[in-house]
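What follows is a set of notes on a single structure, which appears directly below.
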Ligand code: SF4
Ligand SMILES: [Zn+2]
Ligand SMILES: [Zn+2]
């Protein structure tokens with residue numbers, strides 16, 4: 001297989017695009033496609049400040065790299081979740097992020113937030129104490145990441161928050177949401193989520209049209225070293241099972257995932273789920289303590305979570321001997 005641009009040996013063949021490219025032309029194509037996605041969905045402008053949530057994985061580091069190559073004002077945010085269940089997942093992830101900065105972008109700005117140091121418990125510990133998520137920390141993890149990304153973006157004056165979700169991630173979530181007809185989630189799934197409430201940042205996913213193998217190929221060709229292992233808590237998750245199922249579909253019918261996702265976005269543009277979105281937004285009000293939107297009365301789930309952790313971990317009051 002030869003590169004369509006220069007005739008050299010191709011490094012990647014994308015059957016759904018009927019396009020084979022060598023390493024150099026693939027990188028060029030990948031960066032251009034990201035720029036097109038940013039423009040197509042009006043994600044952000046040159047004068048806006050972007051905060052990229054980096055986890056140490058190929059997608060988020062690749063995204064930060066591409067945004068910097070395109071000349072955007074993009075800074076990174078690493079959230080240390082304190083996950084060390086079977087191996088030091090958080091520690092190793094952070095090493096990859098630090099290494100990325102040192103070797104490729106030594107002048108880039110990286111913010112680091114340590115959940116344990118700030119709130120007094122790691123994510124697995126907070127999940128255990130609060131008993132949320134049926135033994136898995138993922139629901140607490142998602143809640144904390146969403147809240148903290150918004151808080152940092154707001155407090156530090158970023159206009160937009162970018163995450164490295166790729167097409168495979170988006171399609172697996174879409175499939176799950178359709179399977180369970182989660183209309184509220186379907187209404188909110190999009191390449192751009194506008195900042196609908198004060199205190200919320202606009203959220204964008206510039207890699208939403210790239211297959212996972214495309215983001216992995218970019219990272220490898222660009223020389224980005226990333227964490228290969230999944231988070232230990234992802235093992236056995238529904239999302240992984242859906243991804244396997246969807247991979248079979250894609251093997252039989254190349255481009256099926258992209259079509260599924262793009263058709264969904266078109267249907268939304270035509271007004272599908274517009275009423276649901278309006279209803280959901282009408283339910284939200286500001287949390288009494290942190291100000292972030294919530295549908296719960298009084299305090300949001302994040303504030304209630306850390307209240308519960310503080311209650312359980314509070315040192316016992318010393319009793320004075322009689
Ligand atoms: S699998 Fe993802 S959501 Fe679950 S604990 Fe790990 S990083 Fe958090
Ligand atoms: Zn080439
Ligand atoms: Zn709150």
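The values are calculated or read from the model by the stated rules, or taken from the named source; none is laboratory data. This structure is a prediction, so every number in the text was calculated from the model and none was measured. Please note: Cβ atoms are built from the backbone with ideal geometry, for glycine as well, and neighbour counts cover all protein chains shown.
Remark: pairs (first residue in region 2-24, in contact (Cβ under 8 Å) with a residue 40 or more places away in the chain and under 23 Å from residue 212 (Cβ atoms); second residue assigned to a strand (DSSP E or B) and more than 8 Å from ligand 2 (Cβ to nearest atom); Cβ separation under 8 Å; 6+ apart in sequence or on different chains) = 12/20; 14/20. Go through region 260-283 and report how many residues are surrounded by 12 or more Cβ atoms within 10 Å (Cβ to Cβ) and modelled with pLDDT of 90 or more. Count: 11.
Considering region 271-291, the residues that are in contact with a strand residue (DSSP E or B) (Cβ under 7 Å, 6 or more places away or on another chain) and more than 19 Å from residue 187 (Cα to Cα) include one that is farthest from ligand 1 (Cβ to nearest atom), namely 286. Scanning region 292-312 for residues that are in contact with a strand residue (DSSP E or B) (Cβ under 9 Å, 6 or more places away or on another chain) and touching a residue at least 40 places away in the same chain (Cβ under 8 Å) yields 292, 293, 300, 301, 302. For residue 15, state whether it is under 20 Å from the mean Cα position of the chain (by Cα), away from ligand 1 (no atom under 16 Å from the Cβ) and surrounded by fewer than 16 Cβ atoms within 10 Å (Cβ to Cβ). For residue 15, the condition - under 20 Å from the mean Cα position of the chain (by Cα), away from ligand 1 (no atom under 16 Å from the Cβ) and surrounded by fewer than 16 Cβ atoms within 10 Å (Cβ to Cβ) - is not met.
The set of residues in region 146-158 that are buried (at least 20 other Cβ atoms within 10 Å of the Cβ) and either away from ligand 3 (no atom under 16 Å from the Cβ) or farther than 26 Å from residue 81 by Cα (or both) contains only 158. Just one of the listed residues (161, 174) is touching a residue at least 12 places away in the same chain (Cβ under 8 Å), crowded, with 18+ Cβ neighbours inside 10 Å and in contact with a strand residue (DSSP E or B) (Cβ under 8 Å, 6 or more places away or on another chain), namely 161.
Looking at 301, 296, 234, just one residue is within 16 Å of ligand 3 (Cβ to nearest atom), over 18 Å from residue 189 (Cα atoms) and modelled with pLDDT under 95, and that residue is 296.
Selection within region 120-131: residues that are more than 11 Å from residue 81 (Cα to Cα) and surrounded by 19 or more Cβ atoms within 10 Å (Cβ to Cβ). The member of this set that is nearest to ligand 1 (Cβ to nearest atom) is 127.
Quick check on region 179-199. Is at least one of its residues within 16 Å of ligand 3 (Cβ to nearest atom) and in contact with a helix residue (DSSP H, G or I) (Cβ under 6 Å, 6 or more places away or on another chain)? Yes, because at least one residue in region 179-199 is within 16 Å of ligand 3 (Cβ to nearest atom) and in contact with a helix residue (DSSP H, G or I) (Cβ under 6 Å, 6 or more places away or on another chain). Among the residues of region 56-94, the ones that are more than 16 Å from ligand 1 (Cβ to nearest atom) and surrounded by 14 or more Cβ atoms within 10 Å (Cβ to Cβ) come to 14 in all. Restricting the search to helices (runs of 4 or more DSSP H) fully inside region 167-222 and requiring at least 1 residues that are modelled with pLDDT under 95 gives 183-188.
Here's the yes/no breakdown for (1) under 29 Å from residue 31 (Cα atoms); (2) in contact (Cβ under 8 Å) with a residue 60 or more places away in the chain; (3) touching a strand residue (DSSP E or B) at 6+ places or on another chain (Cβ under 8 Å):
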residue	(1), (2), (3)
62	yes, yes, no
65	yes, yes, no
70	yes, no, no
87	no, yes, no
108	yes, no, yes
118	no, no, no
132	no, yes, no
148	yes, yes, yes
152	yes, yes, yes
